[in-house]
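S.K.: Shown below is the structure under consideration.
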Amino acid sequence: MSHRGFVVRRGDLLVPYRNICPHAGWPLNWHPDRFLGERGEVILCTGQGAEFALADGACVRGPRKGQSLSALWVDLIDGVMFVDTGRAGAV
């Protein structure tokens with residue numbers, strides 16, 4: 001299983017997600033390192049326009065509202081983030 005992902009950070013909020021749309025199965029971003037909507041308020045699937053909440057990855061607008069992004073479990077050690085592949089997946 002691939003664990004490619006990205007991290008959303010807003011103030012104290014730091015949440016890592018797998019880079020895959022739960023609706024379509026493709027990467028969320030078409031442009032490198034660009035995951036947020038224009039105002040930075042949602043995570044955007046650029047392939048179909050679905051929008052996901054920053055804090056929990058829940059789909060707030062899209063073809064199957066209610067599905068969520070898959071979170072990645074991480075350990076933060078001395079400011080470095082390590083993906084825990086033993087626990088990676090949906091939360």
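S.K.: Residue 90: at pLDDT 80 or above and either surrounded by 18 or more Cβ atoms within 10 Å (Cβ to Cβ) or under 13 Å from residue 16 (Cα atoms) (or both), yes or no?
M.R.: Taking the combined requirement at face value, the residue does not satisfy it.
S.K.: Could I ask something else about it? When residues of region 43-54 are filtered for being of a type in the set (Val, Ile, Thr) and either assigned to a loop (DSSP other than H, G, I, E, B) or under 15 Å from residue 66 (Cβ atoms) (or both), how many remain?
M.R.: 1
S.K.: Based on what the data block shows, is residue 15 at pLDDT 85 or above and among the hydrophobic types (A, V, I, L, M, F, W, C)?
M.R.: yes
S.K.: Being of a type outside the set (D, E, K, R) and buried (at least 16 other Cβ atoms within 10 Å of the Cβ) is the filter here; which residues of region 38-59 pass it?
M.R.: The answer is 42, 43, 44, 45, 46, 50, 52, 53, 54, 57, 59.
Let's see how each residue does on (1) of a type outside the set (D, E, K, R); (2) touching a Pro at 6+ places or on another chain (Cβ under 8 Å):
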{"site": "4", "(1), (2)": "no, yes"}
{"site": "10", "(1), (2)": "no, no"}
{"site": "16", "(1), (2)": "yes, no"}
{"site": "30", "(1), (2)": "yes, no"}
{"site": "62", "(1), (2)": "yes, no"}
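S.K.: May I ask you to list the residues in region 63-80 that are at pLDDT 85 or above and closer than 21 Å to residue 36 by Cβ?
M.R.: 67, 68, 69, 70, 71, 72
S.K.: Here's something else I'd like to know. Which pairs have Cβ atoms under 9 Å, sit 6 or more apart or on different chains, and link a residue in region 7-20 that is touching a residue at least 60 places away in the same chain (Cβ under 8 Å) and of a type in the set (A, V, I, L, M) to one that is crowded, with 17+ Cβ neighbours inside 10 Å and assigned to a loop (DSSP other than H, G, I, E, B)?
M.R.: Pairs that qualify, where the first residue is touching a residue at least 60 places away in the same chain (Cβ under 8 Å) and of a type in the set (A, V, I, L, M) and the partner is crowded, with 17+ Cβ neighbours inside 10 Å and assigned to a loop (DSSP other than H, G, I, E, B), are 7/72.
The values are calculated or read from the model by the stated rules, or taken from the named source; none is laboratory data. This one's a predicted model, so the numbers in the text were calculated from it and none came from an experiment. Every residue, glycine as well, gets a Cβ built from its backbone with ideal geometry; the counts of neighbours run over all protein chains shown.
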